[in-house]
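Input: a single structure, listed below in structure tokens.
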Amino acid sequence: MPLKNAPKRNIASAIDLLEQDYDSVVGGVRFTELPIKQIQPYHDHRFHLYEGQRLEDMVESIQQHGVLNPVIVLRLNESNYEMLSGHNRLHAAQLVGLTVIPALVKEGLTEDEALAYVIETNLIQRSFTDMKPSEQAAVLQLRFSKLTCQGRRNDILRELHILETGEDSSNSTCALIEHKLKTRDKVGEEYGLAHASVARLLRLNELIEPFREMVDKGILPLYAAVDLSYLPKEAQQWVLEASQTLHYPLNMKNVKVFREQPELTRDLVYGLIQGAQAQNKPAVPMRKISVPKQTYERYFKDKSEEEVQSVLEQALQAWYERETE
């Protein structure tokens, strides 16, 4: 999506390029204008929407020129669509007050192909290093999918490149985006990550959405998140609920106890947290009380420490009983 002061492009030129070779474009292509209210977000959208200056620039561009690059949607039924490429454009268009948006309607995509549109669009717009951990995890997941080794991914990238620039780069695109990478070491080399870092990021894909969000915000440490990722989704939900209810920090030390259990139940999760809190509860510090020297000499001069404590307890008990009569 062009930012402010960008020259106005002709949408038709990009559409013409795509329609010249209709059969090579995954799922076909049909250009239309759709009511914004009929488009819903991608069902597993992992990427954060623009905020701040970047969002303001996009809003200003749409105010001046309209939506220059059509969004890409997947048809769900006769009147409903799922967004694949263009979540930020649609959000900005809504802020401007638009009710319709230009769109390319896709049909018959596999789950991997639909996910490729979502992920590759974000890689075009942002670098891998600028992404949050859960977004990086989604990118790596695609790299290990079956689609990575298929020519269809090249077709998807070609289509996105045409929509972004209005130019066909069939010859150069394949050389730039051919990532037939099967090992973590090769993927790590591509993104500047160690083998272990790739493995840890991939585990984030097994987390429930609230935990992924906590990792992105720095609330949940990465290593603790990896341990939680080995729990069934239902057990993760129990841990999230119990930790919030009992104010239990989910650090690396605290979450290991859940993974060590052969089987978790909701009651066991609560019990483990409560047991850990009781064990770690600091002891009530002892306070020393001073008495005047004359009082000590009069009542406790020849008594041991235990005898002094006993006398004080009996005296205090008698005093409180008298006060409550």
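The values are calculated or read from the model by the stated rules, or taken from the named source; none is laboratory data. Model, not experiment: these values are computed from the prediction. When we count neighbours, we look across all protein chains shown, and the Cβ atoms used for this are built from the backbone with ideal geometry, even at glycine. The accessibility values were calculated without ligands, DNA or RNA, using every heavy atom of the protein model including side chains. Shrake-Rupley method; radii C 1.70, N 1.55, O 1.52, S 1.80 Å.
Some notes on this structure:
Quick grid of which residues meet (1) β-branched (Val, Ile, Thr); (2) closer than 28 Å to Glu135 by Cα; (3) part of a loop (DSSP other than H, G, I, E, B):
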{"residue": "Val198", "(1), (2), (3)": "yes, yes, no"}
{"residue": "Arg203", "(1), (2), (3)": "no, yes, no"}
{"residue": "Leu220", "(1), (2), (3)": "no, yes, yes"}
{"residue": "Ala224", "(1), (2), (3)": "no, yes, no"}
{"residue": "Val239", "(1), (2), (3)": "yes, yes, no"}
{"residue": "Ala242", "(1), (2), (3)": "no, yes, no"}
{"residue": "Pro249", "(1), (2), (3)": "no, yes, yes"}
{"residue": "Val255", "(1), (2), (3)": "yes, yes, no"}
{"residue": "Gln261", "(1), (2), (3)": "no, no, yes"}
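- Pairs with Cβ under 6 Å, 6+ apart, first in segment 30-46 and among the aliphatic types (A, V, I, L, M), second surrounded by 15 or more Cβ atoms within 10 Å (Cβ to Cβ) and outside any loop (DSSP other than H, G, I, E, B): Leu34/Ala103; Ile36/Ile101; Ile39/Val73; Ile39/Tyr81; Ile39/Met83
- Filter result for the condition that a residue is at pLDDT 95 or above and either among the small types (Gly, Ala, Ser) or open to solvent by less than 60 Å² (accessible area, probe 1.4 Å) (or both), over Ala235, Ala276: Ala235
- In this structure, Leu76 qualifies as among the aliphatic types (A, V, I, L, M) and free of Cβ contacts under 8 Å to residues at least 40 places away in the same chain.
- Of all residues in segment 44-68 being over 21 Å from Leu109 (Cα atoms) and not in a helix (DSSP H, G or I), the one that is most open to solvent (accessible area, probe 1.4 Å): Glu51
- Filter result for Tyr270 (more than 18 Å from Leu207 (Cβ to Cβ), modelled with pLDDT of 90 or more and surrounded by 10 or more Cβ atoms within 10 Å (Cβ to Cβ)): yes
- Within segment 110-128, the set of residues being open to solvent by 50 Å² or more (accessible area, probe 1.4 Å) and part of a helix (DSSP H, G or I) comprises Glu111, Asp112, Ile124.
- Within segment 273-300, residues that are more than 30 Å from Glu241 (Cβ to Cβ) have Cβ atoms under 6 Å from residues that are at pLDDT below 80 in these pairs: Phe300/Val308, counting only partners at least 6 apart in sequence or on another chain.
- Residues (out of contact with any strand residue (DSSP E or B) (no Cβ under 9 Å at 6 or more places or on another chain) and touching a residue at least 60 places away in the same chain (Cβ under 8 Å)) located in segment 93-104: Leu98
- Count - residues of segment 84-100 that are in contact with a Leu (Cβ under 8 Å, 6 or more places away or on another chain), crowded, with 23+ Cβ neighbours inside 10 Å and not in a helix (DSSP H, G or I): 2
- Test result for Leu176, at pLDDT 90 or above and of a type outside the set (Gly, Ala, Ser): no
- Leu76 vs. criteria closer than 30 Å to Leu207 by Cβ and not hydroxyl-bearing (Ser, Thr, Tyr): yes
- Residues that are without any contact (Cβ under 8 Å) to a residue 40 or more places away in the chain and more than 16 Å from the chain's Cα centre (by Cα) do occur in segment 199-219, at least one of them.
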